[in-house]
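Report on the following structure.
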Amino acid sequence: MAKKSPKNLVSKFRNIRWLSLGLKVSLVGLVLLLILFAYSDAKVRGAFDAKRYEQPAKVYARPLVLASGAILTAYELESELGELGYRSRRLVNEPGTYYRQGDHFSIFLRPFAFADGQRPARKIELEMAPTTVGVVRDTLGERIAEEQLDPMVIGGVYPGRHEDRLMLGLAEVPQMLVETLVQVEDQHFYSHFGISPRSIARALLVNIKAGRTVQGGSTLTQQLVKNTILSNERSLWRKAKEAVMSILTEMHYSKDRILEAYINEVYLGQEGNRAIHGFGLAARHYFNRPLNELNLAQISMLVGLVKGPSYYDPWRHPERAKNRRNIVMGELAEQGWLTPAQLSAWQKEPLELAKTSALDGVYPAYVDLVRRQLSRDYQSKELQNSGLRIFTPFDPVLQRRAEKATVRSLARLESRQKDLQVAMVVTRVNSGDVVAVIGGKRPRYAGFNRALDALRPIGSLAKPAVFLAAWNQPRSYNLLTRVSDAPVSIPNADGSLWKPSNYDHKSHGDVPLHTALAHSYNLATARLGMEVGLNNVMDMFQRLGIKRPLLEVPSMLLGAAELAPIEVAAMYQTIAADGRYTPLRTIYAIADSDGKLLARYPQKPKQVVNPAAVHVLQYAMLETVREGTGKGVYKVLPKDYRVAGKTGTSNKTRDSWFAGFAGDYMAVVWMGLDNNASTGLTGASGALTVWRQFMAEASTEQMPFSQIAGVDYQWVDGETAKLTQSWCEGARYMPFMSGSAPTESGGCAPDGEKMWRWFKGVFD
């Protein structure tokens, strides 16, 4: 037997060594592969099993109530339908459509989960009067007490990454979109196992022929994995991980689950620093319509955006977007989904984009107020991730009227002051709801919110608190109590003297309190405030709703205190509500993403001031508008229209204010300059002009004012403060808190004597 040569032995040992090394490498590779699979599996399960999507809280306006007699014009109704994305067409046969013929509207209302429950889609008919809703009927011709439109989204609270989605279940997605998406992006979606070798090979061949990358071979599953778990990094390692994770995704989840996730996740555009994800939100963004109301051309455009949302942005590059849309529809025709005639007709369709992105509306000042209230009640993670639905009393119709009044007034005043700024807060007296907010001269642009953050001296808007503190002491003060309007020097705590003056730089002698308030006499107010006591005036400010700490100094009597318009609104809301304090409300209900009601915000009014004293104050504020500094209101409003209000002007005419109420609305308006320079405007010549224009269109109801318990009305002589008769010269019918009315009669003849003199005169 031949012996093995040393050379053969060396070769054999070398082979064994290489085999061992190969086994070790293979084992390490296997371990690494197992680790990769374990890591990838954990990432996939974590992404899909957890609540993966960050759903921002959505803020809704009030639903527009359509009830007979509601103040609304046909133009305003059609404007709101437009903002909600309702389509005007003769055949009103599906939700989200309407047709107007003169003053007659046919509207197919959308279904919506309101705070008080779900309402189905339904069709209504209504007739509009010139300024109100006429008759509302159903399709059978039966009268309906009221209906309401679905509310518009006016804002949201977004995640830190500024991503936004409108989550949809696959059952809510139009089949047309599903078929178009699969046909264009992944024809073999329902047959592959996460990756498609056929698609990869086809893309590779196309790219080789083109000499560059012109086509990708990624499946919908791969795209989803890249968008949700991985990054956009271009490397073989990232592609390897993508392939592994795609296979694992297909192993764990159904095709429907994957497709639903893709439809909600895919990136389709950008609005400022806010990323638009998912077809549901993209439909709102580009067309201001729900996804299920889009036609084939619109769906094709959205599917076309998948290839490049920035490159095919329809607002920036409409021709590119249209061409890409037509290519998508061409692919549908190639597969037999469309006939040549249908393709030709659809490709001629315009893009039909919304005028601007309709995701949030354009009401930044109000949404800012909502966010601040939310931040007190909810943590940021809840607001940014839970998909909460926030229902507010915001009224777009009233907001537009406020904006119109603001723009018109500023246009008239621009010749005097170009940089004039404005802020406005409107509330409903009975509920305390904030229904409209203007934060600056450009109401539709975000920025410094003057309604909430501009702290300015309130001037004479402070005076009602001073007079109310006096009339809350009926044994000492009533409307006819006289006070000196002579010059006065009042020492401050630091020893300095405070020497106020009237706006006209005159003194007016001894004047009754109602006259002092109506004509806004500073000297009389200062003397009255010191008599009543600074502590009592401060207490009244706090009762009326001023939470901000104020300096208890004499100058506060004339409005040296700096407050924001929203704080002034809280004060005047209490006055308008007969002394009932109600925190201003911007949210009335919150629901989760499924529509389940989580919280209500009922109002709990608290009587903080004797309503009889407030009634006396309201009388004086009626006089302020009828005869005093606020009489400019009647340059626009009817002469017989009952309204109460107060002008305010700070030192050197830096700030112009007006606060007043009529019907169920209370509004506060401020005008001034951001640099705190003089405007040359008083409360009457500036802020009042906005207020009267707004109120002329907002309400046909007068301020409710009738005798209440604890108040006696008497005919009195305005000069002598004595009881008199209605026919006597200078007689006024005035309210007095019980026990505070004059007891001494004047010299005017009684009724019987007057009739006797008349009778004798007949025969003389």
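Laboratory data are not the source of any read-out in this text; all were calculated from the coordinates shown. Owing to the predicted nature of the structure, the values given are computational and were not obtained by experimental measurement. Note that each Cβ is placed from the backbone with ideal geometry, even for glycine, and that neighbours are counted across all protein chains shown.
Below are the figures for this structure:
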read-out	value
Gly718 long-range amide H proximity, modeled H, under 5 Å	Arg732
Dipole of region 566-665, positive direction: furthest Cα of Ala576, Thr647, Ala662, with charges on the beta-carbon	Thr647
Full-stretch length increase - Trp337, His317 - with 0.36 nm per residue and alpha-carbon distance subtracted	4.5 nm
C-alpha center-to-center spacing [region 304-372, region 467-510] in angstrom	67 Å
Lys226, Lys652 arranged by Cβ crowding within 10 Å, fewest neighbours leading	Lys652, Lys226
Distance histogram in 10 Å bins (all Cα pairs of region 57-152, percent per bin)	16, 54, 28, 3
Burial ordering of Met167, Met703, Met671, fewest other beta-carbon atoms within 10 Å first	Met167, Met703, Met671
Amide H contacts of Arg87 (H built 1.01 Å from N, under 5 Å, at least 5 apart or other chain)	Thr97, Tyr98
Whole-angstrom gap from region 533-581 to region 674-736, using each part's C-alpha centre	20 Å
Cβ-based charge dipole, region 438-543, positive-most Cα from Asn502, Pro457, Thr481	Pro457
Packing-based ranking, highest mean first, of 173-186, 572-585, 524-537 given that Cβ atoms within 10 Å are counted	572-585, 524-537, 173-186
Charged-residue dipole, Cβ positions (Lys, Arg, Asp, Glu), region 57-152 about Cα centre, Debye nearest 20	300 debye
Gain upon complete extension [Asn93, Met530; 0.36 nm per residue less C-alpha separation]	150.3 nm
Packing-based order for 443-450, 278-285, 654-661, using average beta carbon neighbours within 10 Å, highest first	654-661, 278-285, 443-450
Label point distance in nm, Ala240-Asp116, each placed 7 Å from Cα along Cα→Cβ	6.3 nm
Cross-link table Lys463/Lys604; Lys441/Lys646; Lys241/Lys322, entries beyond 31 Å C-alpha to C-alpha	Lys241/Lys322
Cα-based reach from Lys631 at 16 Å (exclusive), listing aspartates and glutamates while leaving out same-chain residues under 8 positions away	Glu623, Asp640
Net charge contributed by nearby residues that have their C-beta within less than 12 Å of Asp433 (K/R +1, D/E -1)	+1
Sites Gln603 and His104 - FRET efficiency at Förster radius 41 Å, r taken between beta-carbons, to 0.05	0.65
Cβ-based net charge around Trp670, under 10 Å, with every Lys or Arg adding one and every Asp or Glu removing one	+1
Normalised contact order of region 57-152, rounded percent, pairs of Cα under 8 Å and 6 or more residues apart	35 percent
Charge sum, other residues only, whose C-beta stays under 12 Å from Ile575's C-beta, Lys/Arg counted +1 and Asp/Glu -1	+3
Three-way shape label, region 382-521, alpha-carbon gyration tensor, a/c 1.5	prolate
Euclidean distance between Cα centres, region 434-466 to region 90-121, Å	37 Å
